[in-house]
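Participant: This is the structure I have questions about; it appears just below.
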């Protein structure tokens with residue numbers, strides 16, 4: 001017995017629907033893995049930030065303050081004024097490129113820390 005063309009078309013459509021359902025499941029699995037990987041990266045990045053700076057961003061207001069702090073500018077000796085976030089990005093690129101002087105991080109000395117004269121400026125960020 002041979003199947004009619006209509007029956008064969010019906011079977012093919014059924015198979016096509018099954019394959020589409022499998023494709024949707026696989027795409028959902030990939031999306032879930034990507035989401036989990038991103039979440040893990042964000043958590044690890046936050047942990048490094050907290051460890052290196054001692055800053056705990058407990059709530060939305062703290063996160064907004066930190067965001068504003070990253071956008072502060074610094075005047076360098078060559079009179080350029082990059083933002084803090086740009087300086088961090090440049091430093092990371094140097095480390096990524098393997099620049100020798102940046103591959104061996106040193107703990108800052110007490111005298112290298114921010115002088116008390118700058119504290120009032122930093123307090124403005126909390127307002």
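The values are calculated or read from the model by the stated rules, or taken from the named source; none is laboratory data. The structure displayed is predicted, hence computed values, not measured ones. Note that each Cβ is placed from the backbone with ideal geometry, even for glycine, and that neighbours are counted across all protein chains shown.
Participant: Please go through (1) surrounded by 10 or more Cβ atoms within 10 Å (Cβ to Cβ); (2) part of a helix (DSSP H, G or I) for residue 76 and return the number of the only condition it doesn't satisfy.
Facilitator: (2)
Participant: Given the residues 57, 49, which is the only one that is within 19 Å of the chain's Cα centre (by Cα), in a helix (DSSP H, G or I) and surrounded by 10 or more Cβ atoms within 10 Å (Cβ to Cβ)?
Facilitator: 49
Participant: Right, another one. Take the residues of region 79-89 that are out of contact with any strand residue (DSSP E or B) (no Cβ under 6 Å at 6 or more places or on another chain) and surrounded by 11 or more Cβ atoms within 10 Å (Cβ to Cβ): which is farthest from residue 49 (Cα to Cα)?
Facilitator: Taking the candidates together, the pick is 82.
Participant: For residue 3, all conditions in the list (1) assigned to a helix (DSSP H, G or I); (2) modelled with pLDDT under 95; (3) outside the structural domain of residue 92 (by TED's automatic domain parsing); (4) surrounded by 10 or more Cβ atoms within 10 Å (Cβ to Cβ) hold save one; what is the number of the exception?
Facilitator: Status for residue 3: all satisfied but (1).
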